[in-house]
Amino acid sequence: MPEGISFLPPIQVGYEIYYENLEIQGIQERQTIVWQFIQGSKHLLDWEQEPSNPQDPHAIKIFGVSEQIFSTKRDMLGYVPGDVAKQIVTSGLWPFLQLRLDSISVANQGFVAIKFQILGPIRKKNGDEQPPGGPGIKGERRHTQATRPTLLFGREAERPKAPRSKVKHIAFFIIRIILITLGTALAFVGGTMGTAAWQAKGNLFVLMLVPLALIMIGGLLIWTGIKPSKPKERTST
């Protein structure tokens, strides 16, 4: 009998099990990487589509993420079973699903098996309603308010930001160049006037006011031109 350990972290609020008792395919070809993953801590699973796969355009790669001694490693462990991967890709479920690590077991011969589940948003009906393209599975579920879907449990999926138009990008770039140039010029003029005032006779305090003001304004303009722009905070609805 294989010996191993069960993980099954809590299901994210608003999700239920779509597929369970799945094994990572092709794991026997990556034994070294698999053992490194096992020997780490804080084990997670992540995945990516592989449309360029010559044998299966619906292929989905599974990565093992674990804390090692000096760093966090993310290495490929294998693939989602082909029939399940095809259902996920062709049905459009991919953006709304996440992986849940089930168990890691090692047989006496050293063969490693990693089982996982696939979770998705809770469906409207409480019966055996099937997800598009896939079988309905009775399992754990939480009937609470739905949340934004994730691809890696415990980590919120990032929504793509709207790209800034090329015209705006060029305009901002030109404005920054102008600010930096103007600030440099004012700082240079202020420095020149300050040097002349230092060498001149008279009230040094009064003579240095204008050069110092020009240098400060020039520095402020330079900083305005080079500082990174802050992203706008999103308001929750």
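Brief remarks follow.
- When the stretch 75-128 is filtered for residues that are without any contact (Cβ under 8 Å) to a residue 40 or more places away in the chain and open to solvent by less than 10 Å² (accessible area, probe 1.4 Å), only Ala85 remains.
- Number of residues in the stretch 181-192 that are modelled with pLDDT of 75 or more and not polar (S, T, N, Q): the value is 4.
For every residue, the table says whether it meets (1) loosely packed, with under 12 Cβ neighbours inside 10 Å; (2) modelled with pLDDT under 90.
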residue	(1), (2)
Ser6	yes, yes
Ile17	no, no
Gln36	no, yes
Gln39	yes, yes
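- Candidates Leu99, Leu77, Leu45, Leu22 - the one that is in a strand (DSSP E or B), in contact with a Pro (Cβ under 7 Å, 6 or more places away or on another chain) and hydrophobic (A, V, I, L, M, F, W, C): Leu22
- Gln55 being polar (S, T, N, Q), open to solvent by 60 Å² or more (accessible area, probe 1.4 Å), at pLDDT below 90 and out of contact with any strand residue (DSSP E or B) (no Cβ under 8 Å at 6 or more places or on another chain): no
- Filtered residues of the stretch 48-74 (kept if closer than 17 Å to Gly26 by Cα and in a loop (DSSP other than H, G, I, E, B)): Glu50, Asn53, Pro54, Gln55, Asp56, Pro57, His58, Ala59
The values are calculated or read from the model by the stated rules, or taken from the named source; none is laboratory data. Treat the numbers as computed from the prediction; the structure is a model and nothing was measured. Here the Cβ is made from the backbone with ideal geometry for all residues, glycine too, and neighbour counts use every protein chain on show. Just so you know, the surface numbers come from the protein's heavy atoms only, side chains and all, with ligands and any DNA or RNA stripped out. Shrake-Rupley method; radii C 1.70, N 1.55, O 1.52, S 1.80 Å.
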